[in-house]
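Heads up, the thing below is written out as C-alpha cells.
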Amino acid sequence: MAEVAAPPYRLIPIIPALKPGAMEGLRPFVASDKINEAIGFPGQLVDDWHDRAIAKMGELLSKYRSLKVYMDACVHCGACSDKCHYFIGTQDPKNMPVARQDLMRSVYRRYFTLPGKLFPKLVGARDLTREVLDEWYSYFNQCSECRRCSVFCPYGIDTAEVTMAAREILDSVGYGQKYSNEIIGKVHRIGNNLGLPGPALLDTLEGLEEDVKDATGIDVRFPIDVKGAEVLLITPSADFFAEPHIDSLIGYAKVFHATGTSWTLSSMASEAGNFGMFIGNYEQLRKIALRIREVALELGVKRIVVGECGHAWRVAYSFWNTLTGLGDGADETDRFAQMLQKQLDHRYKQPMHICEFTWDMIERGALSFNREANDKHIITFHDSCNVARGSRMGDFAGGQFEIPRNIIKAVANNFVEMSPETTREQTFCCGGGGGLLTDDLIDLRVKGALPRMEVLQQVVDEHGVNFMATICAICKAQFTKIMPIYGFDRRMVGGVHQLVSNAIILGDK
Amino acid sequence: MASILIGILFYFATLMFVVGLVYRINTYWRTPAPLLIPTTPAPTTQTGVVLRMTREVVFFESLFKANLWTWSMGWLFHASLALVLVRHLRYFTEPVWEWVALAQPFGMYAGLTMLLGLCGLWIRRLLVERIRYISTPSDHLMLVLLIGIAASGLLMSFVTHADVITVKTFFLGWMQLDIRPLPADFVLYFHLLSVAALLAIFPISKLLHAPGVFFSPSRNQADNPREKRHIAPWAAELEK
C-alpha cells in the first residue's frame, strides 16, 4: 500500500476552496463475477447496461417515496454543500452532498422529467453515458451514507438514500463494489462478515473465558447456541477478534454475568452488521436480517440485545420490525410478525441496544463500579453517525446521545465533550462507514476523518484527552487504522463497554 | 386583444399548475415508503411530527442550522411572498375579506423585502464558489423570473400606479369565464406574463420543493419503529 499522508488541519475551520476533479480517479475495486453472482447480481457489466439502469431507476422511483421526492425537491440552495466530511477532507466539489445527488438527478431529469427531455442543458440534465456511469461508481462509493447532510437540508433530502439507490442500480447492471458484495457473500455462506467459521468462533470464546478468568479470577461465560437462554446477543463479528472491539465484548459478558442474565451468542447469526443497507438492496437487507429471526425462533429467546455497531443498530432499531417482525405492535392478522412477537418479552424494548441494557441495570442499582479503574483515561465520546441520525435509544428523542454518555459518566471520572458542532446529531462520520472500510479507499478514509481529527486534537490539547470512546465496530476499525497517520496512538480508541469492563465489580454471583 | 390573450394564457397556466400539481402530489402520495427513515432525533408521536413539520415550513428550522445567510435571505423572501400573495387576494374577492384588507399595508412593503431576499439569494448564487458550482442555468433563470415579478409589481405600486380597479374587474370576470379589458400597461403585461410562466413551470421544476417537503420521509415520519410494525405493500408480498 502506498504511503498515505494526512491532510493538514485547517487553521480556521472555514469552508475549503474547491478542487474540481481531486478524487476523480479514486474508485474501489470492482466485484468479480464470482462475488456478484454469489449474491444474485450479473457477474460483469452487462451489454444493455444503459436500458437496464434506466429501467431499474424507474422501478426504484416507484418503490421509494424518498428517492422520488428527493429527486424533485432540491432547489440547489447549498445548505448541505459544506457539511460532508469527504468534501471537507478532499475539497472535491462532487463530494458536496448536493453535487453527489446531482450525479443521479441529472440523469433523472433527462429520462423522467419534461424539461430534461426538452431542454437538457437548461436544467442540467445528462444522458446516462459510460462516463456518467463510471462517475457514479467513483462518487457513490465516496459517500458513507452518514446522513449528516440530511440534518441541514430544508427538505430533509438524505443523500444516503440516493447513494443506496445508485449502488442498487450499479449492482443490477453488474457494476458492484468488491468490498461490500464480498462481505454479503460471506455472511450468507459462513454466518458473519469476517468469514469466521463456527469452530474458530468456539475456540475464540473459550480463549476469552480463560483470559477473563486469569485477569479477574472469576468464571465469566461466553455461551453460544444455548437453547432457552433469555437474551440473544447479536454483535458485530469484529467483536470476536479485532482490537479494540474484543474488549467491549468482554464488557458485555461481564454485565450479563454481574446481573445474572442468562444469555447466548449464535454461531449462525454471529454478525450484527448488515451490508445489505450499504448497497441499498432491500432483498439482501431483508435476507441478512432474517437470519436473526430464524435464530431467535430456534433458540426460543425472550429478548434480543445488539452489541456496539452503528449501522447494525440502525438496521436493528429502525428496520428489523419491518423486515423480520422483530419488534412490537404488529397487527393481529400479521402472522409472520406475530409468530416472533408472541415469543418475545414485551416488558423490554425489542430489540434493545447493549447500552440500553447496561444503563437500565445501572439505574436499577444492579451494577457497581470502581470508577477509579478508569482514572488513567481522560475520555471523550464520538457519536457514530448511524446511531446518532438513524436510530434512538431509550424512551425519548435523543436517548441515543444521553445513554452512552450516562454510562461513561457512571464508570469513569474524567469525561469531556468535543466541539458541539461535531457531536450528537451533527456528528461527523469516522470516514470509513457505508461500505468504504477497505484499503483500496484508504486515501478517502484518511481525508474523510479530517474534521473529526481536528476537534479531537482540540480536546487533546486543551484537556489532555487520551481516550475516544465510541459504539461502532466500523468507527473502531477506521480510527485504529487512520489515527496513527494523524499522529495519535491507535489505542486511544475503544468501546463504551471497554470502559464498563475496566470498572465493573463482578463479585461472586 | 391583449386582454383576451392574457386571459387565455392564464387559463392555460392555471390548468397546468393545478393538473400538474395534483398529478405530482398524487404520485408522491401513492409511492410507498418501505422503511422508516426519519432523521433522528425525531419526534416519537404524530403530534410531534406535525410540530416538526410546522417548524420546518414556517421557520425553515433545518436551514437555520445550516447557514444563516441563506436562511435569512430565503426566509425573508418566502415570508414576504406569503404576505404579497395574501395582499393579492384583493384582486380576486369582492368584497375584500377583512383579514386581507388588514394585511394590505404590510403586503405593500413585503414586495420590497421580497425583492431584497431574492437579490440576496442571487448574489450568494453568483459569488459563493460552491453555490455557483452547483447552479444550473434554470436556477439563475428562476431567480430572474421572480425578481422580474417582484420588480414589476413594485414599479406598479410605487411608480407607475397601475389602474388596479380595472385589473380587479378583469380578474373578477376572468374567474367567471368572462374576459374583460385590461388597462394598456406594459409593466402590467410583463408582470402577468411572468406570473403565468411561473404557474406553468411550477409542477415540472424545482418549485416542487413546496409540496415535496410534506412528503419527505426523513421529516414526516414518527420515530416509533420498535413500537409499531411498518411495512409497505410490495415488501409484505415478500413474506407470502
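General observations
- Couplings 3J(HN,Hα) for segment B:36-49, derived from phi with the Karplus relation 6.51 cos²θ - 1.76 cosθ + 1.60 (θ = phi - 60°), are 7, 10, x, 6, 8, x, 10, x, 9, 10, 5, 4, x, 5 Hz, where x marks Gly and Pro.
- Ranking A:Gln400, A:Leu450, A:Thr438 by how far each Cα lies toward the positive end of the dipole of segment A:368-503 (charges on Cβ) leaves A:Thr438 at the top.
- If you plug the beta carbon distance of B:Trp99 and B:Leu5 into 1/(1 + (r/R0)^6) with R0 = 41 Å, you get a FRET efficiency near 0.75.
- For segment A:209-282, the relative contact order comes to 39 percent (Cα pairs under 8 Å, sequence separation of at least 6).
- Amide proton proximity set for A:Trp263, modelled H, under 5 Å, gap of 5+: A:Glu230, A:Val231
- Length-normalised contact order for chain A - Cα pairs under 8 Å, 6+ apart - percent: 18
- 0 to 90° range, to nearest 10: angle between helix B:186-201 axis and chain B longest Cα axis: 20
- About the Cα centre, charge dipole magnitude for the protein assembly as shown (Lys/Arg +1, Asp/Glu -1 at Cβ), debye: 1700
- Tilt relative to chain B, helix B:2-30 - C-alpha long axis, 0 to 90 degrees, to 10: 10
- Solvent-free Debye scattering, log10 I(q)/I(0), computed from the Cα coordinates of chain B at q = 0.10, 0.11 Å⁻¹: -0.62, -0.73
- Rg [Å, one decimal], Dmax [Å, integer] - segment A:289-371, C-alpha atoms: 14.0, 50
- Mean Cα-pair separation over length for segment A:368-503, i.e. relative contact order, pairs under 8 Å, 6 or more apart, %: 33
- Extension gain, A:His50-A:Leu297: 0.36 nm per intervening residue step, less the Cα-Cα distance, totals 84.6 nm.
- CD proxy at 222 nm, helix term only [per DSSP H run n ≥ 4: -39500 (n - 2.57); per residue of chain B; nearest 500]: -21500 deg cm²/dmol
- Within 10 Å of the Cβ of each residue in A:389-400, the mean number of Cβ atoms contributed by other protein chains is 4.
- Derived from the Cα gyration tensor, the three semi-axes of the equivalent ellipsoid of segment A:366-410 are 24, 14, 6 Å, largest first.
- For segment A:191-360, the number of Lys pairs with C-alpha atoms closer than 16 Å, counting only pairs eight or more positions apart or on separate chains, is 4.
- Chain A - Debye-derived log10 I(q)/I(0), Cα point model, q = 0.06 Å⁻¹: -0.27
- Remark: A:Cys472, A:Cys309 ranked as A:Cys472, A:Cys309, counting other beta-carbon atoms within 10 Å and listing the fewest first.
- Pairwise FRET efficiency - A:Glu243 versus B:Gln46, Cβ, R0 = 60 Å, nearest 0.05: 0.85
- Size descriptors for segment A:368-503: radius of gyration and Dmax over Cα atoms are 14.3, 45 Å.
- Near A:Gln177, the amide H atoms lying under 5 Å from its own belong to A:Ala31; only residues 5 or more places off or on other chains count, and H is placed 1.01 Å from N.
- With neighbour counts taken as other beta-carbon atoms within 10 Å, the residues A:Tyr108, B:Tyr28, A:Tyr179, A:Tyr86 rank, fewest first, as B:Tyr28, A:Tyr179, A:Tyr108, A:Tyr86.
- Per-selection Kirkwood Rh - segment B:1-136 (Cα, Å, 1 d.p.): 18.7
- The mean count of C-beta atoms from other chains within 10 Å of the C-beta of residues in A:88-101, rounded to a whole number, is 1.
- FRET efficiency, B:Met175 to B:Leu127 (Cβ-Cβ, R0 45 Å, nearest 0.05): 0.55
- Options A:Met352, A:Leu323, A:Thr235, ranked by Cα towards positive dipole end of chain A, top entry (Cβ charges): A:Leu323
- Reduced Cα scattering model of segment A:1-127, Debye log10 I(q)/I(0), q = 0.09, 0.10, 0.18 Å⁻¹: -0.38, -0.47, -1.17
- Lone cysteines, the protein assembly as shown (no partner Cβ under 4.7 Å): A:Cys74, A:Cys77, A:Cys84, A:Cys143, A:Cys153, A:Cys309, A:Cys355, B:Cys119
We did not get these values from a lab; they are worked out from the coordinates using the rules stated. Being a predicted model, the structure only gives us computed values, none of them experimental. Glycine gets a Cβ as well: all are built from the backbone with ideal geometry, and neighbour counts include every protein chain shown.
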